Amino acid sequence: MFTNSKLAKSVKLACAFGAASAALTTTQVVAQEAGADEPVEKIQVTGSRIKRTDMESASPISVFTSADIEASGVTTLEDFVQNVPAINGAKLGSTVNNGNRGFATASLRGLGSGRTLVLINGRRWSSGDLNAIPVSIIERVEIVRDGASTVYGSDAIAGVINFITKKDFEGVELTAQYDVTDEDDGETTKIAFTTGTSSDKGNVVLSMEYTNRNAIWQGDRDFSACPLFDNGPGSEPFCGGSGTIPQGHAFPVSGGSFVVENGEIVPFSNAQHGYNYAAASYMVTPQEVFSANGSANYEIADSLSVFTEFGMANRQSEQLMAPVGTFWFPLVPESNPGAQQFGEDVYVARRLAETGGRRFTQDVADYRMVVGFEGYLSNDWTWDVSYNYSRFVDTRMVYGQANEPRFDILLDPELCADTADCPGVWNPFEAGTLTDEMIDYATVTHSPVLRTTTKQFMANLQGDLGDLELPGGRIMWAAGVEKRWESLLSEPDGAASLGQIFGVASDRTEGQYEVEEFYLEANFPILDGAPMAESLNVTAAVRRSDFDFLDDATTNTKFGVEWVPVTDLLVRATWAEGFRAPSISELFLPEQDTNPSYADPCVNWGTAQDNATIRANCQADGLPEDFSLSSNQASAKFGGNENLSPEESESFTAGVVWSHESSFTMAFDYFDIEIENGIGTAGVNNIVTGCYASEGFSSPLCDLIKGPAYQGDAPHPTSPRRNVIGNPSGVLLTNANLAVFKTSGVDFDFGYGMEAAGGEFKFKVNGTWLNEYKYTPFAGADEIDIAGTFATDQWEGALATFNEWKVNVGVNFMADDYSVAWESRWMSETDEFGGNPEQNLSTTADAIWYHDLSGSYYMDNYTFTAGVRNLLDEDPPYTTNNGDMNTINYSYDTAGRYFFARVTAKF
């Protein structure tokens, strides 16, 4: 077997020093072309099913090897993938404590993790959780940065992240790594074992990995030790907290907001009385993951092989938040001993500090199995068939939840007297009055189960049209069929199913669907070796998808051009239709409570609000001119919707890749994506602001604020839209086909290599410039552009940055027995979308530059590595309207400086 010159040239164009325009996938076939004296190596380029003799690709593709991952010093793929510049917006991971169940995700172009298809060896698996994929089994990561629905089906609107596992490993590799912050917390341990063996008939690889990450507390960092508030420009941030407090925050039915202090009733002050929930919350969540992965292939005959893959991961993760409160704000009758001092019935926001905290644990089983056959026919056509089964089971435990009906009994002397097992009447207006007997009586442990299953059958056939040739060569093609089955079950426990646990979904939901698909791809080599056309290829693809829950099948197409006018220069472009059917969770998840952060337009409306309509509506709501809030979280409901229809998109890319004598490469790729019929919600900020900005509350958005009765909250004394503490309540965030998204920008890559000082230097720069990120959140709304801002991410419903610039810079020096690497990440500053600098102290999240440094020493079969991540210990920026930790934790590192040491032995 040999590597022909055309392949070698395209490899230089595509992969030199990180300016990757195409990539090898797992399949390599050696075939004897008609009339050829020697076999020709054919490869399958990521983003296509066609096996070709070159790597030139119309689609822009980033390739990261296992060496890149090792040099970064990370222990999980979450930490590596989320730092890719094309990843933007909100993503779940270790820094998300409130609102995560241990997941790690990635969002290409900031369009949402559900529009970024994550694959293992080109195949789907049920969870898509990055925690389920161990670092040790990874050969490389390939990221397709344009629409790929015609190749991979639904969910690939923003692109594809394909994790390629090791297939031909031989020997034994042992790795041990230990990480710790300079605050002596967040310890992370990784132990990995990989072994493989080969014969002339096949290969077997087995890898096992164990990682254990300890928690970091918000209270252990100065910037997050307490919830910060400010009084606008010229003020200093001060420690405040939640208005749901251990001594009881009282709201008499006649109005007002009070607390009992030293036996006296005094007005509530956030600065004086607010509850510091940060001290009882995780900043970095702990998790323990054990995984085992393997693959095998065996040549049954000269033209027939069998292959199999398996993977399993057990993740035990945890989130910890401050103790639950009476977030439904129960009415305490005047007959209660604590309410008597107010002389009337009183609503109470009481933190149940005596319970010790809310603890959420997950015991997750995430596994997959693939079996298949592949081979080639006598005319050199190749084929493969496979069956892929994956299942995700999340068995959760939630400790310290409130049984709402029983707390109502504890607060009402008459109800308590009529209830045989009531342990006594509770006075909520003093701290420490909730006894152990009351806790046993009125708190519960919740144990729901979530299960999803994906089954996928695939059959593919690739070949050429034989003697029917174009001037550039043979017409290559690929065709195939796929059938996929998806199912979901969400099962609450007994107490939840009775509706007794506040804020927890009580409905059992179950659903499934099937989809049948057919695709066809073709590569037309128009010219080869002509003047101003070293090569010119045109590609085309079509895919038809038939979902059993949709009325009609859908057909999507993609076209591409690859033009090499002169040696070392590639010009490329793609146009693609995209398609995303509603996911199984978007269809069938039950309705449940959520408390998203938002910016209230009525805060200090008398002096800080210059919109006359908003001022009038705030006044009509009965809110005082100096209206303030003890919480920036709305009370809302979200859930699935079985009546959703598919999203549709169009994407366009155009770029150039230039390489000079294998030492310098550069690539520029423009992208433009538009999504219609986007699935999501209007977002709390949009709903509340749009409603209050409409004359006389006339906007249809006001219909999405159902009010406190819908949520089960205590009512506000004057506003029908707000609960007793002043936040909008009953905000409906159920999934719907609402939005139109438009985003465009430029990806760029530079690489340079040179020999010097007895070794080899490699320099690289890669980044993304975000030109626009526009969306129309619902029909009739104004289009907004959040590029260069921090705003509510429409997928996660949380604050995130949409940086105009994200740039990674790296320098690596390698000698015979040692290497040194410097990696850095720069994120440009963002301004708060819709922020009011006249009202808030900080409406800008400053630019930030992270630096990582590592070095390795090679001795015989051993490699010793040590390094530091976030070398300069950069703190995330403070913003007045933040999601958590006084910053934008979905976008920034929060742990601080991390030291790591690793040893690897290979035999």
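The values are calculated or read from the model by the stated rules, or taken from the named source; none is laboratory data. Bear in mind that the values here come from a model prediction, so they are computed numbers and not experimental data. FYI the Cβ positions are ideal-geometry reconstructions off the backbone, even for glycines, and counts take in every protein chain you see.
With the condition being within 30 Å of Ala901 (Cβ to Cβ), I'd like the strands (runs of 3 or more DSSP E) fully within the stretch 756-862 carrying at least 2 qualifying residues. Quick ask: steps written out before the conclusion?
Working: elements: 759-776, 789-792, 799-802, 805-814, 818-827, 830-832, 848-859.
Fully inside the stretch 756-862 and qualifying: 759-776, 805-814, 818-827, 848-859.
Based on this model, can you work out whether Ala301 counts as more than 30 Å from Asp129 (Cβ to Cβ) and in the same structural domain as Tyr898 (by TED's automatic domain parsing)?
Against the criterion (more than 30 Å from Asp129 (Cβ to Cβ) and in the same structural domain as Tyr898 (by TED's automatic domain parsing)), Ala301 qualifies.
Summed over the stretch 384-402, the residues that are hydrophobic (A, V, I, L, M, F, W, C), over 20 Å from Ser585 (Cβ atoms) and crowded, with 18+ Cβ neighbours inside 10 Å give a count of 1. The residues in the stretch 116-131 that are closer than 12 Å to Ile157 by Cα and under 10 Å from the mean Cα position of the chain (by Cα) can be counted, and the count is 1. If we scan the stretch 432-450, do we find a residue that is closer than 30 Å to Leu377 by Cα and surrounded by 15 or more Cβ atoms within 10 Å (Cβ to Cβ)? Looking for residues that are closer than 30 Å to Leu377 by Cα and surrounded by 15 or more Cβ atoms within 10 Å (Cβ to Cβ), one finds none in the stretch 432-450, hence no. Filter the stretch 50-77 down to the residues that are of a type outside the set (Val, Ile, Thr) and out of contact with any Ser or Thr (no Cβ under 7 Å at 6 or more places or on another chain) and list them by number. Passing the criteria: Arg52, Ser62, Phe64, Ser66, Ala67, Asp68, Glu70, Ser72, Leu77.
Only a single criterion out of (1) among the aliphatic types (A, V, I, L, M); (2) in contact with a Ser or Thr (Cβ under 9 Å, 6 or more places away or on another chain); (3) under 23 Å from Gly372 (Cα atoms) is not satisfied by Leu92, namely (3).
Quickly run through the stretch 345-382 and pick out the residues that are more than 30 Å from Ser295 (Cβ to Cβ), out of contact with any helix residue (DSSP H, G or I) (no Cβ under 6 Å at 6 or more places or on another chain) and of a type in the set (Gly, Ala, Ser).
Ala349, Ala353, Gly356
Assess whether Asp749 counts as being on the phi < 0 side of the Ramachandran plot, crowded, with 18+ Cβ neighbours inside 10 Å, among the charged types (D, E, K, R) and in a loop (DSSP other than H, G, I, E, B).
Working: on the phi < 0 side of the Ramachandran plot: yes; crowded, with 18+ Cβ neighbours inside 10 Å: yes; among the charged types (D, E, K, R): yes; in a loop (DSSP other than H, G, I, E, B): no.
So Asp749 fails the test.
Screening the candidates Gly274, Gly241, Gly256, Gly232 for the property of being out of contact with any strand residue (DSSP E or B) (no Cβ under 9 Å at 6 or more places or on another chain) and at pLDDT below 95 yields one hit, Gly232. When residues of the stretch 577-597 are filtered for being within 23 Å of Ala791 (Cα to Cα) and outside any strand (DSSP E or B), how many remain? The qualifying residues number 3.
When the stretch 94-107 is filtered for residues that are of a type outside the set (A, V, I, L, M, F, W, C) and either on the phi < 0 side of the Ramachandran plot or crowded, with 23+ Cβ neighbours inside 10 Å (or both), the ones remaining, listed by number, are Ser94, Thr95, Asn97, Asn98, Asn100, Arg101, Gly102, Thr105, Ser107. The condition of being part of a strand (DSSP E or B), out of contact with any Leu (no Cβ under 8 Å at 6 or more places or on another chain) and surrounded by fewer than 16 Cβ atoms within 10 Å (Cβ to Cβ) holds for only one of Thr557, Thr539, Thr574, Thr567, that being Thr557. The number of residues in the stretch 704-725 that are assigned to a loop (DSSP other than H, G, I, E, B) and over 16 Å from Ile687 (Cβ atoms) comes to 8. Applying the set (1) at pLDDT 95 or above; (2) crowded, with 18+ Cβ neighbours inside 10 Å; (3) among the acidic types (Asp, Glu) to Glu414 leaves exactly one unmet item: (2).
Just one of the numbered conditions (1) modelled with pLDDT of 95 or more; (2) assigned to a strand (DSSP E or B); (3) closer than 30 Å to Asp412 by Cβ is not true of Met438: (2).
Sort through Val151, Val135, Val144 and tell me the only one that's surrounded by 21 or more Cβ atoms within 10 Å (Cβ to Cβ), in the same structural domain as Lys483 (by TED's automatic domain parsing) and under 22 Å from Gly867 (Cβ atoms). Step through it out loud before you land on a result.
Numbers: Val151 fails: under 22 Å from Gly867 (Cβ atoms); Val144 fails: under 22 Å from Gly867 (Cβ atoms).
None of the other options fit; the residue is Val135.
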